[in-house]
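Undergrad: Below is the structure I would like to discuss, written out as structure tokens.
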Amino acid sequence: MELSQILSWVGTGTGVLIGIPQLVKTVRTKKVGDLSTTMFVLILVTCACFLTRAIVIKETAFIFYYAFLIIMNSLQIFLIWRYRDGNSVA
């Protein structure tokens, strides 16, 4: 495996961990008042563009990473919608 592939997978591994703490905190506290829906939508658009590029160049690590980010950010947007204005379901 080339160094660039190793670094791609290391970056993918650490990158996957980025959104998990916020997602866990949102699920536990059911508070989303300080979260920006716009930011997560922009992340989705960005990831869709990068995912398309990764598919075209057949870069497996990046395909996995951007697909994962799309799922995580979509879930976060859903949680923001669900818990906004105290609409939590206990």
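Undergrad: For the structure I just gave you, tell me whether VAL16 is modelled with pLDDT under 95 and over 9 Å from the mean Cα position of the chain (by Cα).
TA: So VAL16 does not fit the description; no.
Undergrad: Here is a follow-up. Quick one: ARG53 ticks every box in (1) closer than 30 Å to ASP85 by Cα; (2) touching an Asp or Glu at 6+ places or on another chain (Cβ under 9 Å) except a single one, so which number is it?
TA: The failed condition is (1).
Undergrad: Identify all residues within the stretch 19-38 that are under 11 Å from the mean Cα position of the chain (by Cα) and under 10 Å from GLN76 (Cβ atoms); write none if there are none.
TA: GLY19, GLN22, LEU23
Undergrad: Being closer than 25 Å to VAL10 by Cα and among the acidic types (Asp, Glu), is that true of even one residue in the stretch 52-74? Don't jump to the end; show me each part of the working.
TA: Within the stretch 52-74, the first condition is being closer than 25 Å to VAL10 by Cα, and the residues that meet it are 52-74.
Right, trim to among the acidic types (Asp, Glu) and you get 59.
Yes, there is a match, as at least one residue in the stretch 52-74 is closer than 25 Å to VAL10 by Cα and among the acidic types (Asp, Glu).
Undergrad: If you don't mind, there's one more thing I want to ask. Can you pull out the residues in the stretch 37-90 that are touching a residue at least 12 places away in the same chain (Cβ under 8 Å), more than 16 Å from GLY19 (Cα to Cα) and among the hydroxyl-bearing types (Ser, Thr, Tyr)?
TA: Across the stretch 37-90, the qualifying residues are TYR83, SER88.
Undergrad: Next question, about the same structure. Any residue in the stretch 11-32 that is in contact (Cβ under 8 Å) with a residue 40 or more places away in the chain sitting within a Cβ distance under 6 Å of a residue that is open to solvent by less than 60 Å² (accessible area, probe 1.4 Å) and small (Gly, Ala, Ser)? List the pairs, counting only those 6 or more apart or interchain.
TA: THR12/ALA61; LYS30/SER88
The values are calculated or read from the model by the stated rules, or taken from the named source; none is laboratory data. Nothing here was measured: the structure is a model prediction, and the numbers come from that model. Glycine also receives a Cβ, built like all others from the backbone with ideal geometry; neighbour counts cover every protein chain displayed. Ligands, DNA and RNA are excluded from the accessible area calculation, which covers all protein heavy atoms including side chains. Shrake-Rupley method; radii C 1.70, N 1.55, O 1.52, S 1.80 Å.
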